[in-house]
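Everything below concerns the one structure shown next.
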Amino acid sequence: MSYNIAIDGPAGAGKSTIARAVARKMNMICVDTGAMYRAMALFMLREKVDLSDGDAIGKKCADADISLGFEGGVQAVYLNGENVSACLRTEEVGNMASVISLQPAVRKKIVELQRAIAARSDCIMDGRDIGTCVLPDAQVKIYLTASSEVRAKRRFEELAAKGETCDPAKIKADIEERDYRDMHREHSPLRQAADAVMVDTSDMTIEEAVERISDICKIN
Ligand code: DC
């Protein structure tokens, strides 16, 4: 049986950065499940699917073949054979991923792929519903969070470092809107699993968060 660590939490809590660092330390692969929903959102944007039409999204997702590759432990996301990893980190794709992930047909397809990866490999998987739905039997479950102020500030700094102009108030509003949608959707909403350990990174550096999670994994 493979060894799986589930990390869930809201946008901007640092899940991907922290999960990647813990995975390197523990010599495991790290699966960023948000990137799979982002690839599906990119597909819908490219195909100009009406994003207010849930049925159209549900039907169209059958035409998107999403797969992951791991080169030196680093995840690459393929959409119908094309490596789209470099196209996924925009605000538009992130917000649209939150919208298309509401659809049960999208979730079913992506969850099947996630479970197949976790069944064959020791991995750290981060997302919104990993501990509650995708891998309910994961050996370790973490719920990683931070205040929306801190998450918006981190996102602002990340965009500013890339030279992108952005309005801090708009970033905070987008984060709160995304939290609301991810936490209140009908299918697999974001919530802390009963057996997950909560880690609040508001006042932690990345190194401190990595240390704390490594400790939790050792205890379990
Ligand atoms: O973690 P992220 O920002 O890359 O995720 C983008 C969106 O994808 C997120 O707002 C909701 C959706 N998502 C999901 O529904 N379930 C997951 N396991 C991961 C992401």
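Each value in this text was obtained by applying a stated rule to the coordinates, not by laboratory testing. What you see is a predicted model; the values in this text were computed from it and never measured. Because the Cβ atoms are built from the backbone with ideal geometry, glycine has one as well, and the counts that use them run over all protein chains shown.
Note: the chain, Cα convex hull, 122 Å³ per residue.
Just need the relative contact order of the chain here, percent rounded to a whole number, with Cα pairs under 8 Å and 6+ apart.
Result for the chain is 33 percent.
Take the Cβ atoms of Ser202 and Tyr180, set R0 to 22 Å, and the FRET efficiency comes out at 0.70.
Checking the cross-link pairs Lys60/Lys108; Lys109/Lys218; Lys162/Lys218; Lys59/Lys108; Lys48/Lys109; Lys15/Lys162 against a 24 Å limit on the alpha carbon distance flags Lys109/Lys218; Lys162/Lys218 as lying beyond it.
What is the distance in Å between the Cα centroid of segment 171-220 and that of segment 1-42? Between the Cα centre of segment 171-220 and that of segment 1-42, the gap is 12 Å.
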